[in-house]
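Peer 1: The structure that follows is given in the form of structure tokens.
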2 protein chains.
Amino acid sequence: MSKVRCQITTSLDGYVAGPNQSRENPLGEGGEHLHDWAVPTKTFRALHGEQRGGETGINDDVLREALDNVGATILGRNMFGPVRGPWGRDPWHGWWGDDPPFNHPVFVLTHHPRDPLSMQGGTTFYFVTDGIESALEQAREAAGGKDVTIGGGASAVQQYLAAGLLDELDIHVAPVLLGGGERLFDKLGARKVRLESVRVLAGAGVAHLKYRVVK
Amino acid sequence: MSKVRCQITTSLDGYVAGPNQSRENPLGEGGEHLHDWAVPTKTFRALHGEQRGGETGINDDVLREALDNVGATILGRNMFGPVRGPWGRDPWHGWWGDDPPFNHPVFVLTHHPRDPLSMQGGTTFYFVTDGIESALEQAREAAGGKDVTIGGGASAVQQYLAAGLLDELDIHVAPVLLGGGERLFDKLGARKVRLESVRVLAGAGVAHLKYRVVK
């Protein structure tokens, strides 16, 4: 059966974004350094339209593997954009411009209905208002046997983890202390989540920790 | 020059102890699993008086290295014991019984003066009431050229890190989610701490992440 995976970068103190996130600074203060390990890789560059150059090696391998065999992505609303409340007349089209780096269906968790939004490169954003289980069901269907990835933010990951719906967690720990911001692990509630370490890899400037959720 | 080091185990969600710590349960709920990687090692057993047996390998190597060349330890008061306020007439002698696993001078940060307490095996607890800098000065002196280790808890580590007094941080990440308790990284304040990854090692059931603090 296809898996529900999450791959996400945190600071050493556990934040996926620094303090004072804003439209101009979506990763918060200092948060831009979280992805210093990923940005120079061949895979990252290719995903953002730069087909030549880029680093190969462990970081590139890990990123390529994380993106491989993914047929659909689920995003929390804040991960899709900074807008709150109803979508309005001139709605936000995502952080990523006309050609978002997904190239498959993306399901955005929101309380506010909106028609699907088709972008270039095969990315269509679907807006799901009836909860995380429904979003997962739709994403599985759309993924056609491939895996589904929870693309963040922290709140979406927490909800899927707490609901026992996540199979695999791939955490890239950047050697950065942000001192505040949005923590990956928070509000897990009383549910006991059991993990099994799958592997630990030393990338350049990052530790890749992969876990399987024990059901 | 001798270094100021810290080696500490955290859960994947960043806790050094689980929720509801008590005298009976000093590591809090679930916290006893944090050290599952260390307890079976040859080095841990030897430190606790069991000279035979024990696992060798990466976990044992890392633990032995962490304890090697350490001449003095600094502990926060909660790490020394559960007692709060003045020490009283029948004072607490530490969590570790008559022969604590330090075998060198240990400086306990406290607001309440107390005479030094000599235990078996070369451990003497000194109670320092005039702050973290003074404790470090005394510990350096006592270490006689060897390194000083900050033995925890989280608050002591945070204070030394925030004051720019820590040189090296060796974090053992256990594949456990505690969901609450005492976070290693908290209250760092506005000070920007810069880290450099020294190494990442995959132990059995634990990831060893070692960082140098960039001064």
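The values are calculated or read from the model by the stated rules, or taken from the named source; none is laboratory data. As the structure is a prediction and not an experimental result, all values here were calculated from the model. We place every Cβ from the backbone using ideal geometry, glycine too, and count neighbours over all the protein chains shown. Heads up: the accessible areas ignore ligands, DNA and RNA and are worked out on the full protein's heavy atoms, side chains in. Shrake-Rupley method; radii C 1.70, N 1.55, O 1.52, S 1.80 Å.
Peer 1: Pairs only if they're at least six apart or on different chains, beta carbon under 7 angstrom, first in the range A:55-67 and within 9 Å of residue A:43 (Cβ to Cβ), second hydrophobic (A, V, I, L, M, F, W, C) and assigned to a helix (DSSP H, G or I); list them, first residue then second.
Peer 2: Cβ pairs passing all conditions: A:63/A:44.
Peer 1: Moving to a separate point now. May I ask you to verify whether residue B:192 is within 14 Å of another protein chain (Cβ to nearest Cβ) and among the basic types (Lys, Arg)? If you could, list the steps in order and put the result at the bottom.
Peer 2: Numbers: within 14 Å of another protein chain (Cβ to nearest Cβ): yes; among the basic types (Lys, Arg): yes.
Spelling it out, residue B:192 is indeed within 14 Å of another protein chain (Cβ to nearest Cβ) and among the basic types (Lys, Arg).
Peer 1: Let me ask something else about it. Can you tell me which of (1) open to solvent by less than 60 Å² (accessible area, probe 1.4 Å); (2) farther than 19 Å from residue B:5 by Cα is the one residue B:134 doesn't meet?
Peer 2: (2)
Peer 1: Identify the single condition in (1) open to solvent by 30 Å² or more (accessible area, probe 1.4 Å); (2) more than 22 Å from residue A:27 (Cβ to Cβ); (3) not basic (Lys, Arg) that residue A:92 does not satisfy, given that it satisfies every other one.
Peer 2: Answer for residue A:92: the failing condition is (2).
Peer 1: From (1) within 12 Å of chain B (Cβ to nearest Cβ); (2) out of contact with any strand residue (DSSP E or B) (no Cβ under 9 Å at 6 or more places or on another chain); (3) at pLDDT 95 or above, pick out the condition that doesn't hold for residue A:197.
Peer 2: Every listed condition holds for residue A:197 apart from (2).
Peer 1: Need the failing condition index for residue B:114 against (1) assigned to a loop (DSSP other than H, G, I, E, B); (2) in contact with a Phe, Trp or Tyr (Cβ under 6 Å, 6 or more places away or on another chain); (3) closer than 21 Å to residue B:2 by Cβ, just the number.
Peer 2: (3)
Peer 1: Taking the conditions exactly as written (facing chain A (nearest Cβ under 8 Å) and not in a strand (DSSP E or B)), does residue B:209 satisfy them or not? Give the steps one after another, and end with the answer.
Peer 2: Working: facing chain A (nearest Cβ under 8 Å): yes; not in a strand (DSSP E or B): no.
When the stated conditions are applied, residue B:209 does not pass them.
Peer 1: Which one is farthest from the other protein chains (Cβ to nearest Cβ), of the residues in the range B:160-178 that are under 15 Å from the mean Cα position of the chain (by Cα) and closer than 23 Å to residue B:60 by Cα?
Peer 2: B:167
Peer 1: Then there's this: Residues of the range B:124-159 being part of a helix (DSSP H, G or I) and hydroxyl-bearing (Ser, Thr, Tyr), which ones? Steps first, please.
Peer 2: Step one: list which residues in the range B:124-159 are part of a helix (DSSP H, G or I), which gives B:132-143, B:154-159.
Once the filter is applied, which keeps residues that are part of a helix (DSSP H, G or I) and hydroxyl-bearing (Ser, Thr, Tyr), the range B:124-159 yields B:134, B:155.
Peer 1: Since residue A:181 meets every condition but one in (1) at positive phi; (2) within 14 Å of chain B (Cβ to nearest Cβ); (3) surrounded by fewer than 17 Cβ atoms within 10 Å (Cβ to Cβ); (4) of a type outside the set (A, V, I, L, M), which condition does it not meet?
Peer 2: Looking at each condition in turn, residue A:181 falls short on (3).
Peer 1: Looking at (1) farther than 30 Å from residue B:207 by Cβ; (2) within 14 Å of another protein chain (Cβ to nearest Cβ), find the lone condition where residue A:100 falls short.
Peer 2: Unmet condition: (2).
Peer 1: State whether one or more residues within the range B:39-51 are closer than 18 Å to residue B:9 by Cα, part of a loop (DSSP other than H, G, I, E, B), open to solvent by 70 Å² or more (accessible area, probe 1.4 Å) and β-branched (Val, Ile, Thr).
Peer 2: yes
Peer 1: Since residue B:141 meets every condition but one in (1) within 13 Å of chain A (Cβ to nearest Cβ); (2) charged (D, E, K, R); (3) farther than 22 Å from residue A:204 by Cβ, which condition does it not meet?
Peer 2: (1)
Peer 1: Select from the range A:36-89 the residues that are among the basic types (Lys, Arg) and farther than 26 Å from residue A:107 by Cα and list them in ascending order. Show your work before the answer.
Peer 2: If we filter the range A:36-89 for residues that are among the basic types (Lys, Arg), which is where we start, we get A:42, A:45, A:52, A:64, A:77, A:84, A:89.
If the condition is that a residue be among the basic types (Lys, Arg) and farther than 26 Å from residue A:107 by Cα, then A:42, A:52 are the ones that fit.
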